[in-house]
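*Asks:* Let me give you the structure first, and then I'll get to my questions.
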Amino acid sequence: MLVLFTILSLFLGLVYGLSGLELGLIDWISSHSDLVLYLLMFTIGISIGMHDGIIRKIRGYGLKILMIPLGTIVGSVAGGFLCAWILDLPLVPGAAIASGMGWYSLAGATISNLGGAELGSIAFLSNLMREIFAFLLIPVLAVRCNSAACISAAGATSEDTTLPVLLKYTNEETVVISVLHGIICSFFVPILISFFFQLA
C-alpha cells in the first residue's frame, strides 16, 4: 500500500508541476523539501531510539557493515558496464551513469557538464528509474531475499527518499545501516562520475 501511495504521490506531483498552478502551501513545501526530510529523519530517529540495543548490535558488525555499500558500488559500476555493452554505448560513460546510484539530480547535472546533454539526460532518466524501481522492488526483496538486498537496491537514496519504504518493510536495525549506506554511496557518487570521465 505504501508503494502505491508513493507512486500516486509522484504522479500527482508531476501533474501539478506540469499544470502551472501555484498553490501557496504546496509551493512552500516543494521549496522547503529539506525540512520535510529533516522531519522524516527526526521521526525515524525516535523510532530507532525506542528500541534497546540496536546501536550496540550495529557496533558489533565492525567493518563488515561496509560490505553492503561496497557491494552496491561495485554492482552499480559493473551493471553500468554491462548495460553499456548490451546497448552498444561507450563503456566508461555507461559506468559513470550507473555511478549515480539513484541520485538522479546530481548525476544528471554533473554528467551533462562533463559529457554533454545527451548523456546527462540518460543519466537523469536511468537514475530516476532506479529510484522508482527501488520503491517497487523493496517490498518484494524484503520477502524473497534479505535486508541487505533491499538496502542495495535503494543505492544512494537509502538515506532519504526510499527510507520510509525500508522502514515499512524491514526493521529499525536495517534503517540504521541504510542511512550509513546512503551516506557512503552519496559520498562516492561525484568521485566516481569524475573518475570515469577522466578515463574517457
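*Asks:* When ranked by the protection proxy of mean other Cβ atoms within 10 Å per residue, highest first, what sequence do the peptides 81-94, 99-112, 147-160 form?
*Replies:* Working: 81-94: 14.9, 99-112: 23.2, 147-160: 24.8.
Order by mean packing, descending: 147-160, 99-112, 81-94.
*Asks:* Tell me what the chain gives for mean residue ellipticity at 222 nm when only DSSP H runs of n ≥ 4 count, each as -39,500 (n - 2.57), the sum divided by the residue total, rounded to 500 deg cm²/dmol.
*Replies:* -26500 deg cm²/dmol
*Asks:* Could you give me the ³J(HN,Hα) list for region 62-75, computed from phi with Karplus coefficients 6.51, -1.76, 1.60 and θ = phi - 60°, whole Hz, x at Gly and Pro?
*Replies:* Computed from phi, the couplings for region 62-75 are x, 5, 4, 5, 7, 5, 5, x, 4, x, 5, 5, 5, x Hz.
*Asks:* Still on this model: Provide the per-residue ³J(HN,Hα) series for region 115-123, in order, calculated from phi with Karplus coefficients 6.51, -1.76, 1.60 and θ = phi - 60°, each as a whole number of Hz, with x at glycine and proline positions.
*Replies:* Karplus values, whole Hz, x for Gly and Pro: x, x, 5, 5, 5, x, 5, 5, 4.
*Asks:* Could I ask something else about it? Tell me whether the chain comes out rounded, prolate or oblate; compute the Cα gyration tensor, take square roots of the eigenvalues as a ≥ b ≥ c, and use a/c under 1.5 as the rounded threshold. Don't skip to the answer; put the middle values down first.
*Replies:* Values: a/c = 1.84, a/b = 1.13, b/c = 1.62.
Cα axes put the chain in the oblate bin.
*Asks:* Taking only the C-alpha atoms, wrap a convex hull around region 102-144 and report its volume per residue in Å³ as a whole number.
*Replies:* Values: hull volume 2.2 nm³, N = 43.
Expressed per residue, the convex hull around the Cα atoms of region 102-144 is 52 Å³.
*Asks:* Hey, what did region 93-170 get for relative contact order, percent, Cα under 8 Å, at least 6 apart? Present the calculation step by step, with values, prior to reporting the outcome.
*Replies:* Details: 104 pairs, mean separation 22.4, N = 78.
Result for region 93-170 is 29 percent.
*Asks:* Dividing the Cα radius of gyration by the Kirkwood radius, what Rg/Rh value follows for region 143-200? Walk me through the intermediate numbers first.
*Replies:* On the way: Rg = 13.1 Å, Rh = 11.9 Å.
Across region 143-200, the Cα-based Rg/Rh ratio is 1.10.
*Asks:* Per-residue counts of other Cβ atoms within 10 Å, averaged by peptide: what ranking do you get for 13-21, 189-197, highest first?
*Replies:* 189-197, 13-21
Only the coordinates and a few stated rules stand behind these numbers; no lab work does. Every value quoted in this text rests on a predicted model; they were computed, and no experiment measured them. With ideal geometry, Cβ positions are generated from the backbone for all residues, glycine too; neighbour counts draw on all protein chains shown.
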